Amino acid sequence: MVDSMISRYSSNKYPAKLGKDPDRDSCFFEALGRIAKIAIKLSEFPTSTASIPSLNRTTTAVQRAMSLLDEEFSTLLKECKYRELDSKSDKKASKQSSFKAINESTDQQNSTVSESSEPDSAREEMFPSFSHDTVSYMKRIAGTMITAGYEKECCMSYSFLRQSSFKGILNQLGYENISIDEIQKMQWETLQTEIDKWIAVVKKCSKSLFPGEWRLCDSVFTDHPFISHTLFSNLTRAVVIKLLNFANAVVLTKRSAEKMFKLLDMYETIRDLVPTINGFPENCRTELITEAEGTKNGIGEAIVGIFYDLENSIKSDNAKIPVPGGAVHPLTRYIMNYLKYACEYKETLEQVFQFLDPKVEEDRPSRMDENDDASPRKSQLAIQIAMVMELLDANLTMRSKLYRDASLRYIFLMNNGRYIVQKIKGSCGITELMGDRWCRKRSTNLRQYHKNYQRETWSKVLQCLNHEGLLVNGKVSKPILKERFKSFNAMFDEIHKTQSSWVVSDEQLQSELRISVSAVMIPAYRSFVGRFKQHFDAGRQSEKYIKYQPEDIEGLIDDLFDGNTASMGRRRM
């Protein structure tokens with residue numbers, strides 16, 4: 001009966017026609033099961049002339065049947081493989097937004113996500129693309145082959161085709177197996193692209209491919225848990241190790257500050273992969289978790305090393321050329337933008353830093369205010385940011401001394417201090433880490449720079465407008481008065497000429513400086529001119545000494561800090 005059914009199946013136009021007639025298939029499987037048991041029993045008897053013909057006939061029948069089932073099993077797996085590839089053919093590996101592109105086309109990015117997220121989720125839920133009936137049918141084939149003693153053949157077919165299918169899906173996602181040497185030689189721009197692909201693949205594996213593969217394997221080999229665990233473990237172990245090898249190779253590349261954010265993305269990706277691995281069978285779970293944790297910690301060490309190198313970059317940036325006009329120094333912009341973006345990874349960075357060797361951190365003194373209850377002093381990340389900021393402050397103080405003009409020193413410190421404060425205000429992460437008091441102290445320092453600037457620049461000018469010392473024998477001394485106006489004109493002209501070329505790019509700070517100068521100078525000048533202009537003859541003598549009217553002074557003050565060297569010339573024209 002079994003021989004005739006095999007012949008009938010094999011003689012059809014298409015070699016595998018099992019599954020078309022459930023009743024006939026049931027009869028076939030039942031008969032095959034009985035024949036397989038007979039063959040096993042016969043093989044247990046001592047070899048004798050009487051049993052050999054029966055053993056040969058049953059063995060031949062079973063072999064033919066197993067060959068047919070193996071072919072059918074492979075056909076089903078191959079068909080599913082092709083459907084999976086087709087369903088993924090329109091998908092490309094998604095790229096994470098780069099730091100420069102984060103603020104670009106926000107609405108467009110949001111609309112893209114909302115349109116694609118639903119179909120992606122639906123496709124992920126369907127992976128692998130086997131129907132319930134097909135899975136049940138493969139389960140029956142696998143069970144029959146294993147019972148008949150053809151476990152090895154069944155597992156080889158399943159393992160080979162599922163690995164092939166999985167590899168095809170990864171290729172469709174843009175993943176390629178890149179060697180360590182190739183990674184070491186890659187330009188950073190190229191490597192960034194490969195990292196983005198890697199992140200997309202790992203997330204896809206974690207979210208759908210691994211869970212889907214486990215569901216399939218467990219469903220096909222439900223009655224044989226050891227086999228299902230072994231097959232799934234072999235498949236996932238190979239894939240996970242390859243993915244981790246890529247990450248390990250990236251860690252070995254030359255460190256640079258710009259790489260830290262991609263490393264943080266990779267750290268988060270592996271961190272999120274670990275819970276998925278925790279759901280794997282025990283025979284591979286422990287090994288892969290150990291491997292994943294090792295890779296994650298290696299990335300973490302690289303991140304911490306890069307963050308510490310930030311200190312060295314500040315220490316080594318000691319150029320003796322001052323920034324023209326006291327403008328914001330490029331180092332300030334770089335460090336503050338770096339810290340602001342780093343604090344978008346605040347939770348991840350804190351996780352990374354908390355695994356540092358405590359003995360190392362004991363040698364790194366905390367600069368946090370011990371009286372600041374709002375300051376998270378125990379956070380290693382907060383300590384590190386405080387160290388970086390302290391070094392930046394020291395660097396800026398050193399650079400301010402490159403300016404011979406004391407007033408310009410304070411403009412430089414104000415510009416940089418204001419930039420720092422604005423970045424802190426724009427970063428909830430920095431504020432949360434450093435505490436309110438630390439942030440307020442920086443604003444206090446900024447106000448002190450403002451006061452020092454006014455004292456250095458305008459105190460001598462105001463002395464010219466002092467009424468004291470003008471009276472000689474109870475009368476206003478005209479020579480002294482003339483000298484006062486001449487001194488005021490010379491000082492004010494020099495300040496206007498010089499400080500109009502200075503730069504205050506922050507509009508609010510620029511306005512505050514001009515208003516504060518006007519509030520001091522204009523009332524004093526108006527009062528001085530109003531009281532003493534009568535001592536000059538109207539006409540040329542008055543114009544010679546009273547060069548400016550109060551409203552002129554106000555207009556000229558509005559020229560200050562524009563970074564414009566020609567403003568005085570335009571005024572005089």
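Within 43 Å of the chain's Cα centre (by Cα), among the hydroxyl-bearing types (Ser, Thr, Tyr) and at pLDDT 90 or above - does that describe any residue in segment 527-542? Don't jump to the end; show me each part of the working.
Filtering segment 527-542 for residues within 43 Å of the chain's Cα centre (by Cα) gives none.
Looking through segment 527-542, none of the residues is within 43 Å of the chain's Cα centre (by Cα), among the hydroxyl-bearing types (Ser, Thr, Tyr) and at pLDDT 90 or above.
What's the total number of residues in segment 432-444 that are modelled with pLDDT of 90 or more and buried (at least 16 other Cβ atoms within 10 Å of the Cβ)?
Adding up the residues that qualify gives 1.
Check off (1) surrounded by fewer than 20 Cβ atoms within 10 Å (Cβ to Cβ); (2) assigned by the TED database to the domain that holds Asp181 for Asp317 and give me the number that stays unchecked.
(2)
Conditions first: (1) among the aliphatic types (A, V, I, L, M); (2) under 43 Å from the mean Cα position of the chain (by Cα); (3) open to solvent by 20 Å² or more (accessible area, probe 1.4 Å). Ile420 passes all but one, so which condition is the exception?
If we test Ile420 against (1) among the aliphatic types (A, V, I, L, M); (2) under 43 Å from the mean Cα position of the chain (by Cα); (3) open to solvent by 20 Å² or more (accessible area, probe 1.4 Å), just (3) comes out false.
From the list Lys478, Lys497, which residue is over 29 Å from Lys401 (Cβ atoms), in contact (Cβ under 8 Å) with a residue 40 or more places away in the chain and open to solvent by 60 Å² or more (accessible area, probe 1.4 Å)? Give the steps one after another, and end with the answer.
Numbers: Lys497 fails: over 29 Å from Lys401 (Cβ atoms).
After applying the criteria, what remains is Lys478.
Condition first: touching a helix residue (DSSP H, G or I) at 6+ places or on another chain (Cβ under 8 Å), closer than 25 Å to Cys343 by Cβ, open to solvent by less than 50 Å² (accessible area, probe 1.4 Å) and of a type in the set (A, V, I, L, M, F, W, C). Can you find one or more residues in segment 446-458 that meet it?
Yes, segment 446-458 has at least one match.
Here are some residues: Phe532, Phe492. Which one is within 22 Å of Ile411 (Cα to Cα) and of a type in the set (Phe, Trp, Tyr)? Spell out how you get there, then give the answer.
Working: Phe532 fails: within 22 Å of Ile411 (Cα to Cα).
Of the residues listed, the single one that is within 22 Å of Ile411 (Cα to Cα) and of a type in the set (Phe, Trp, Tyr) is Phe492.
For segment 176-199, which positions are of a type outside the set (A, V, I, L, M, F, W, C), open to solvent by less than 90 Å² (accessible area, probe 1.4 Å) and under 20 Å from the mean Cα position of the chain (by Cα)?
The initial filter retains those residues of segment 176-199 that are of a type outside the set (A, V, I, L, M, F, W, C), namely 176-177, 179, 181-182, 184-185, 187, 189-190, 192-194, 196-197.
From what is left, the residues that are open to solvent by less than 90 Å² (accessible area, probe 1.4 Å) are 179, 184, 190, 192-194, 196-197.
The answer is Thr190, Gln192, Thr193, Glu194, Asp196, Lys197.
So if I check each of Ile420, Ile480, which one is of a type in the set (A, V, I, L, M), part of a helix (DSSP H, G or I) and in contact with a strand residue (DSSP E or B) (Cβ under 9 Å, 6 or more places away or on another chain)?
On the way: Ile420 fails: in contact with a strand residue (DSSP E or B) (Cβ under 9 Å, 6 or more places away or on another chain).
The match here is Ile480.
Can you tell me which condition Leu413 does not meet? The list is (1) at pLDDT 95 or above; (2) open to solvent by less than 10 Å² (accessible area, probe 1.4 Å), and all the others hold.
(2)
If you go through segment 137-150, how many residues are open to solvent by 30 Å² or more (accessible area, probe 1.4 Å) and over 14 Å from Ser74 (Cα atoms)? Steps first, please.
To start, the set of residues in segment 137-150 that are open to solvent by 30 Å² or more (accessible area, probe 1.4 Å) comprises 137, 139-140, 147, 149-150.
Remaining after also requiring over 14 Å from Ser74 (Cα atoms): 147, 149-150.
Number of matching residues: 3.
Would segment 335-355 turn up any residue that is polar (S, T, N, Q) and either farther than 30 Å from Cys439 by Cβ or outside any helix (DSSP H, G or I) (or both)? Before the answer, list the steps.
From segment 335-355, those polar (S, T, N, Q) are 337, 348, 351, 354; that's our starting set.
After this cut, where a residue has to be either farther than 30 Å from Cys439 by Cβ or outside any helix (DSSP H, G or I) (or both) as well, the list is none.
Checking segment 335-355: not a single residue is polar (S, T, N, Q) and either farther than 30 Å from Cys439 by Cβ or outside any helix (DSSP H, G or I) (or both).
Test Leu331 against the stated conditions and say whether it is of a type in the set (A, V, I, L, M), more than 15 Å from the chain's Cα centre (by Cα), crowded, with 16+ Cβ neighbours inside 10 Å and farther than 30 Å from Arg409 by Cβ.
Working: of a type in the set (A, V, I, L, M): yes; more than 15 Å from the chain's Cα centre (by Cα): yes; crowded, with 16+ Cβ neighbours inside 10 Å: yes; farther than 30 Å from Arg409 by Cβ: no.
When the stated conditions are applied, Leu331 does not pass them.
The values are calculated or read from the model by the stated rules, or taken from the named source; none is laboratory data. This structure is a prediction, so every number in the text was calculated from the model and none was measured. All Cβ positions, glycine included, derive from the backbone under ideal geometry; neighbour counts span all protein chains shown. Calculation scope for accessible area: heavy atoms of the full protein, side chains included, ligands and nucleic acids excluded. Shrake-Rupley method; radii C 1.70, N 1.55, O 1.52, S 1.80 Å.
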